[in-house]
1. List the trypsin sites (Lys or Arg not before Pro) within segment 186-230 that fall in a DSSP loop (any state other than H, G, I, E or B) and whose Cβ has at most 10 other Cβ atoms within 10 Å.
2. Hey, how many Å between the Cα centroid of segment 168-204 and the Cα centroid of segment 8-62?
3. Can you give the accessible area of residue 125, probe radius 1.4 Å, in Å² rounded to 10?
4. Provide the three semi-axes, in whole Å and in decreasing order, of the ellipsoid equivalent to segment 1-107 as defined by the square roots of 5 times the Cα gyration tensor eigenvalues.
5. Round to a whole number: what % of the accessible area of segment 118-230 belongs to carbon and sulfur, probe 1.4 Å?
6. Using only the alpha-carbon atoms, how far is helix 155-167 inclined from the longest principal axis of the chain? Give it as 0 to 90 degrees, nearest 10.
7. Probe radius 1.4 Å, ligands and nucleic acids left out: which of 130, 179 has the largest accessible area, and how do the rest follow?
8. Would you please name the trypsin sites (Lys or Arg not before Pro) within segment 29-95 that are DSSP coil residues with at most 12 other C-beta atoms within 10 Å of their C-beta?
Amino acid sequence: MTAGSSAHVPTETAAFDRKRLFIFDMDGTLLPDTTGLLAVAEVMGSVEQVRRLEERFALGEVSTVEFTRAVHQMWGQVAPETARRAFDSCRKLDGIAEVLQDIRRGGGVSCLITMSQDFFANHFLEYGFDHVVATPYPATVDAVVRAEDVLTPESKPLIARDLCARHGFAWERTVAFGDSGSDIPLFEQLDLTVAVNASERLVAISAVAYHGGSLRDAYFAALAAFAARH
C-alpha cells in the first residue's frame, strides 16, 4: 500500500484512542527473520562474518559498542547505493504504511527505534514514520565509534519517554511492538505491548502476541484487544 492510499479501519478498534506514542522495533519485527545488517551483508558479501558477530552478541561475548566497532572495521564506509539496494531487497511485514497512516489520522505519533545502523533504518522514513532513531554509523573510515552514540536495549525506554514528553503524551499509554530480548527493557515498563513473531521470553511478558506476515493484522488485533479491556 502506498503512502497516499486509504485504509479500511476495523470498527472494533474505533474505541481505542490513537493519541499516543507507538514504538516499533526493526530487526526481526518489521524485518521478519532477518536484520538490517544481514541485508547489507548480502550486498557486501560478508554474510558469514556478520552472522558470527550476531551470534557472539546474542551469547554476550561482545558488547553493543564492540559489535558496532567490529561492523565499522569490517565495512568502512557504506555507499548510499549499497544501503538502498540492501533495504529494497529484504522482506518486510505487509501493511507498514497503512498502519502508520492510521496512527497519524488518529493523532498519534510513530517511532522506529533500533540498535542497528542509521544508514539502513532511515529508509523507513519513506513509509511514514514520524521518527526513526538508530545507531549513527561513522561518516568516514577513520571516524571513531563513540560509546555514547551506540544504542542499547536500555536506550529504548529512555528514547520513548523523551518522545512522550516532547509530544505531550502520557508514558503509560505508549504502545510497543517488538520481537526479542532487546525489547525487554521497554516491554517491562509498559502494559500495551505486542510481541510480533517473537521469542518465548518476550511473548511471556507481552499483552498481545501475533505470528504472521502482516503488521496491519498485528496492529488491529492488538488495538481490538486493548479496546476490549475498557
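The values are calculated or read from the model by the stated rules, or taken from the named source; none is laboratory data. All values reported here derive from a predicted model rather than from experimental measurement. Positions of Cβ are backbone-derived with ideal geometry, glycine not excepted, and every protein chain shown enters the neighbour counts. Keep in mind that these areas ignore ligands, DNA and RNA; they rest on the heavy atoms of the full protein, side chains included. Shrake-Rupley method; radii C 1.70, N 1.55, O 1.52, S 1.80 Å.
1. 229
2. After rounding, the separation between the Cα centres reads 13 Å.
3. Taking all protein chains as shown, residue 125 has close to 80 Å².
4. 34, 17, 12
5. 51 percent
6. Rounded to the nearest ten degrees, it is 50.
7. 130, 179
8. On the way: sites: 51, 52, 56, 69, 84, 85, 91, 92; in loops: 91, 92.
Loop-located and lightly packed - 91.
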